Structures are given as C-alpha cells and as structure tokens.
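The values are calculated or read from the model by the stated rules, or taken from the named source; none is laboratory data. Source: prediction; values computed, not measured. Quick reminder, even Gly has a Cβ in these numbers, built from the backbone with ideal geometry, and neighbours come from all protein chains shown. Keep in mind that these areas ignore ligands, DNA and RNA; they rest on the heavy atoms of the full protein, side chains included. Shrake-Rupley method; radii C 1.70, N 1.55, O 1.52, S 1.80 Å.
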Amino acid sequence: MPRLFITFEGGEGSGKSTQLARLARRLAARGIEPVMTREPGGTPLAEGIRSLLLDPARRPGATAEALMMQAARADLVATVIRPALDQGRVVLCDRYDDSTLAYQGAGRGLDDAMLRGWNRTATGGLVPDLTLLFDLDPAVGLARRAGAAGDTNRLDREPSAFHARVRERFLALAREAPARWRVLDATASPEAIEADVWRAVEPRLGG
Ligand code: TYD
C-alpha cells in the first residue's frame, strides 16, 4: 500500500470536495481505501472548532481565527493524518495549511512568516506529497456556491477583493513549489478535472 498525503486547495465553490470523492472512488477501484478528512475539522474536537469558526454570528479577530485553525489542525494531524500515514495509508485532505497562508495571510493580512511558523508547529512539519489546486475566478465559485443548497459560511461572505487575494496567493504558492503542486482548471467539466486529478495521482501510487 502506498503512503501518500494529498491535499485539495482552492477557493469557494471550486468543486474540490466533489473531486476528492471522485478520486476516492478511483482509488477504491484499485483496491486502495483512502482516509478522507477535511480542515478545519476531521476530529470531534476540530469539528467543534469548525462550527465556531464558520458561524456567521461570530466575529473572531484575525489572530483568534488563525489560532483556532491551528488548534483544529494540530488535533487532526496528531490523531488522524499522521497515524494513517504511519500505517502506509493514502490520506486525502480537503484543505490543509496552505489555506491558512491564503485566507489568514493574503485574505486577512497576517504576517506570512508568522503563519508559516504556526503551520510548522501545528503539523509537526508534515508536508503533503501532492497538493491539487482547483483554480477558479472567485466570482464564478461564489455564484456556484450561492446557487447550491446549504448556507454560505462566514468566510464565503467576505468581499470579492478578499477572495481575489486568496486566489492569487494560492497561485503564488504553487509557483513557489511546483514539484508539490498541480494547478487544475476548475472551470473544466467534472469528468475532465477528474481525469486531470488521476493523471497527477496515478504515477505516485507505485506498483
Ligand atoms: P468549507 O465550507 O469547507 O469551504 P470550502 O467548501 O470552500 O472548502 O469551509 C472552510 C472555510 O474555512 C473556507 O472558507 C476556507 C476557510 N479556511 C481558512 O480560512 N483557513 C484555513 O486554514 C482553513 C483550513 C480553512
């Protein structure tokens, strides 16, 4: 069984959660049962933090928001992601610490070096093997989100300039570490994106 840590990043309504499920199905057809999780969340403690973080009725300051993300992350990495990787599992995570650099860094304006330090503490330095960026004009993503069932969360409601900064930071992060990142056009059809994802993942499965 391959030990592989894959993260899914992108803006709101980019379709990454759908693609995570599609990749899991493809892996299952290969006899690989991945561990699927998400940030913020993925453990009872972190899901509790998630509901506080995404509640439109609450207004944490930028620093409090960033530290809550890190508390959730530390619990998820220590109790779910690392143990699964240690068992040689494939882990698919919907968002990871790059989201902090994009949302709390570019979006909220917190210092990048400080956030990277906090990320290292929360993850114990665990870096994904592959990060898939579902790149999309935020106006398109937010329109998709508004048209879908379910409420928009607190971060969905940020102004368009915020989401534009988030997108640009994700693209800059991908340029910084091209061996880890794969940038995907999230305006393509779900089938075409699924095929792109598979092309990025399959060579890493070995065997
Ligand atoms: P979610 O509903 O999962 O959004 P999406 O479907 O777009 O992934 O909510 C997660 C929200 O949390 C999303 O708006 C991005 C935000 N977030 C941060 O701001 N910082 C972080 O470090 C993480 C992991 C998420």
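Observations
- Once the 1.4 Å probe is applied to the protein heavy atoms, the chain comes out at 45 Å² accessible per residue.
- Carbon plus sulfur fraction of accessible area for segment 142-207, probe 1.4 Å, in percent: 52 percent
- Here segment 99-207 is treated as a Stokes sphere of Kirkwood radius computed over C-alpha pairs; at 20 °C and 1.002 mPa s its diffusion coefficient rounds to 137 µm²/s.
- Computed over the chain, the per-residue total of -39500 (n - 2.57) for DSSP H runs of n ≥ 4 gives a 222 nm mean residue ellipticity of -14500 deg cm²/dmol, rounded to 500.
- With the convex hull drawn around the C-alpha atoms of segment 1-60, the volume per residue stands at 108 Å³.
- Segment 121-181 shape via C-alpha gyration tensor axes, a/c threshold 1.5: prolate
- Kirkwood radius, the chain, all distinct C-alpha pairs, inverse of mean reciprocal distance: 17.3 Å.
- Taking amide H positions as modeled 1.01 Å from N, with prolines and chain starts lacking one, the residues under 5 Å from PHE5 and 5 or more places away or on another chain are VAL91, ASP129, LEU130.
- Most to least packed among 175-181, 109-115 [average Cβ atoms within 10 Å]: 109-115, 175-181
- Sorted into 5 angstrom bins from 0, the C-alpha pair distances of segment 35-111 split as 3, 16, 25, 24, 17, 9, 4, 2, 0 percent.
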